[in-house]
Amino acid sequence: MKPKDTTKKKIKKKNRKLLFQIGLVTMIYSLLAVLVTSGILYCAVVIVYVQTKQDQLSDGLERVYGNIFESEYPVELTERMLDAIDADPGILTELFPKLYVGIDDEKSDQLMERYYDYIETWEQEYGEIDRGFYKDMPEEYLPCAVVNEYFTLFYDLVSEQNEYQYKNILFLRISQDAQGEYCGRVLFQMDQEDCGESRDYFFHYFDQQHMEFLSHLIEKNRFGESWDDIADHKELADMLKTNSHEVAYEVDYLNEANESMTVYYPIFIEDKPRCVLAITYDWAEAQDILKDNTSGLTRIALLLVMTSEVLLLLFVYFKAVRPLRHVMKSMQKYTEDKNSEEVVQEMDEVRQRNEFGLLADYISDMVQEIDRYTKKNIELAGEKEKAATELELAAKIQNGMLRVDFPNTPEVEIFAMMKPAREVGGDFYDFFEVDATHMALVIADVAGKGVPGSLFMMSALTMIRGKTLAGVSPAQILAEVNEELLKGGDFGDMFVTVWLGILDLESGILTATNAGHEYPIVKKGERFELLKDQHGFVVGGMEGVKYQNYEIDLSAGGTIFVYTDGVPEATAASDELYGTDRILDTLNLHPDATPAELANGVKLDVDIFVGDAEQFDDLTIMCLRYHRSALRKDG
């Protein structure tokens, strides 16, 4: 009992191992797919996010430009304001405190009063302030206009920074030096820290405290000072050199020390870049958002992978592992108590439309045949009657396994025959469609006669048929059948020689392998010739045998003639063997005859040769002729 328990444990362990291997491989593949997909997704999101953010910043700059320079600040004022600042950079730092912050200065107060009187006079005469107002303005009022309009510009830019919280907002005066290189002077600059300080003041437009804060910002934000070397900002330098009216983007989100994105907006006066508006966006915040989104998507993907993995393993379990377990359990049970009814019941539970279902049907048929055979033997009285019953049952099994219908199609003609030396022989043949474009041919000789030989034959044929329908090569089929015959049943010292071929009905290529069987005879041209293919070891002889595939080209309307050793070893009364030379001579008498005529011709010649001498080996022949299909002829 201990060896049986050990076998059961091994079977269960192997079943679990199969499920584990499938799960491990699919899990590794799925995780790699998730990682690669996450990387690709992150890169794609970064690209999209950068483009979106560039568009947003461009829209912000256009909005600021539209609000200021297309409505409130005519080109004439902008040009005069810039010229005045160029001529006297201290105009704002000196006049702004006097005019707005409340510092007593009688001269400045009188100037502002005259400026306001000038505005009032203009409005009475012309109705509204237009571009002509700034163009014709007397020089003495220009400082007042510059300071007044710059204050409004300053206020609008601070408002923009307060609302959108940029990392930095910058307004530059652009000019060229003697060498023609562009340089920049700061007219306005404000970062997020200044924005936090200024937010509370902007609820009161002309509040004294507000005015003092704006004066502080003018001093703090480097008004009139030179900006960075423009050559260090390639995108801005290229925009100025080419007189481009398009915005320029400077993206530095891979630099950990300064992760940012800057958009430059040129302001042209008389078709020359005179100013630049710039907004800088902090990329570090965007990275945090992207990482959060990507990690969230990755977690969802991992959850989907785990769910798919579970579903896949359930599918494998129900479609493969559980049917296999039923088969192994029933066969193990059958080896112990020979209860065929229980085996059939177990096999009925394997309701799979695949190889496992086909195997279950074969096993059910086999155990039922064995059960009927066993019961019939028990009922017989006497050794002779029992032996006769055995032979009858074995012959029935054998005849039931051999095909007697020989369909002829536009692609092939086929004929086969078997003449047992005794009532029950050990030879068998079979041919069947693997799929719509392939046909399998098999001929074999079992080293055993009577019922054991027939049962061995039935097992081998069943296994060969089942594995051939699985779509593997002839060499692999025989290798697997060899292992299963050695491990799957108690057949003693029996073995079987096999020739197996799979014909491609479209190309005429026959892929074959030979396990210790007779050499095939092939007609390619005008005559039949013996094809000495590579022999492998017999099937069921020893474990670990490998077989070799080879190809036969029948595309030119070739014919193949295969047989068992009962043909060349047919013995006359003089103990002379029939031999392969006589087979070739008989075939070449009428090489263009049909497969049926060729097979019957060889059998008739053998019968004449042996005469009344008793034969001790089965005689089995199978002949196939391949015709070019209509499609190949047209081609």
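The values are calculated or read from the model by the stated rules, or taken from the named source; none is laboratory data. These numbers come from a predicted model, not from an experiment. Cβ coordinates were reconstructed from backbone atoms using ideal geometry, including for glycine residues, and neighbour counts include every protein chain displayed. Remember, those area values only see protein heavy atoms, side chains included, never the ligands or the DNA or RNA. Shrake-Rupley method; radii C 1.70, N 1.55, O 1.52, S 1.80 Å.
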Counting only residues in segment 488-518 that are in contact (Cβ under 8 Å) with a residue 24 or more places away in the chain and closer than 20 Å to residue 328 by Cα, the one surrounded by the most Cβ atoms within 10 Å (Cβ to Cβ) is identified as 491
Looking only at residues in segment 465-486 that are outside any helix (DSSP H, G or I) and at pLDDT below 90, which one is farthest from residue 437 (Cα to Cα)?
470
Listed by first then second residue, the pairs whose first member lies in segment 235-248 and is under 9 Å from residue 265 (Cα atoms), whose partner is part of a loop (DSSP other than H, G, I, E, B) and not aliphatic (A, V, I, L, M), with beta carbons under 9 Å and at least 6 positions apart or on separate chains, are 248/233
Could you check, for segment 408-426, whether at least one of its residues is open to solvent by less than 50 Å² (accessible area, probe 1.4 Å) and at pLDDT below 70?
yes
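Which strands (runs of 3 or more DSSP E) sit wholly inside segment 517-635 and have at least 1 residues that are among the basic types (Lys, Arg)? Full working, then the answer.
Numbers: elements: 521-523, 528-530, 550-553, 559-563, 619-626.
Ranges flagged: 521-523, 619-626.
Between 611, 601, which is touching a His at 6+ places or on another chain (Cβ under 8 Å) and open to solvent by less than 50 Å² (accessible area, probe 1.4 Å)? Steps first, answer last, please.
Working: 611 fails: touching a His at 6+ places or on another chain (Cβ under 8 Å).
Going through 611, 601 in turn, the sole match is 601.
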So residue 392 clears everything in (1) out of contact with any helix residue (DSSP H, G or I) (no Cβ under 7 Å at 6 or more places or on another chain); (2) modelled with pLDDT under 75; (3) more than 24 Å from residue 493 (Cα to Cα); (4) open to solvent by 60 Å² or more (accessible area, probe 1.4 Å) except one condition, right? Which one?
(3)
Pairing a residue in segment 264-293 that is surrounded by 13 or more Cβ atoms within 10 Å (Cβ to Cβ) with any residue that is at pLDDT below 70 and part of a strand (DSSP E or B), where Cβ atoms lie under 9 Å and the two sit 6 or more apart in sequence or on different chains, gives 283/252
With (1) open to solvent by 40 Å² or more (accessible area, probe 1.4 Å); (2) out of contact with any strand residue (DSSP E or B) (no Cβ under 9 Å at 6 or more places or on another chain); (3) modelled with pLDDT under 85 as the list, and residue 436 as the residue in question, which single condition is left unmet?
(3)
Any chance residue 353 is over 30 Å from residue 173 (Cβ atoms), at pLDDT 70 or above, exposed (fewer than 13 other Cβ atoms within 10 Å of the Cβ) and not polar (S, T, N, Q):
no
Please state which one of 565, 607 is charged (D, E, K, R), modelled with pLDDT under 95 and under 53 Å from the mean Cα position of the chain (by Cα).
565
Which numbered condition trips up residue 24, out of (1) at pLDDT below 70; (2) open to solvent by 70 Å² or more (accessible area, probe 1.4 Å)?
(1)
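Which one of these is touching a residue at least 60 places away in the same chain (Cβ under 8 Å), among the β-branched types (Val, Ile, Thr), closer than 18 Å to residue 622 by Cβ and surrounded by fewer than 21 Cβ atoms within 10 Å (Cβ to Cβ): 559, 580? So that I can check it myself, show each step before the final result.
On the way: 559 fails: surrounded by fewer than 21 Cβ atoms within 10 Å (Cβ to Cβ).
That would be 580, the only listed residue that is touching a residue at least 60 places away in the same chain (Cβ under 8 Å), among the β-branched types (Val, Ile, Thr), closer than 18 Å to residue 622 by Cβ and surrounded by fewer than 21 Cβ atoms within 10 Å (Cβ to Cβ).
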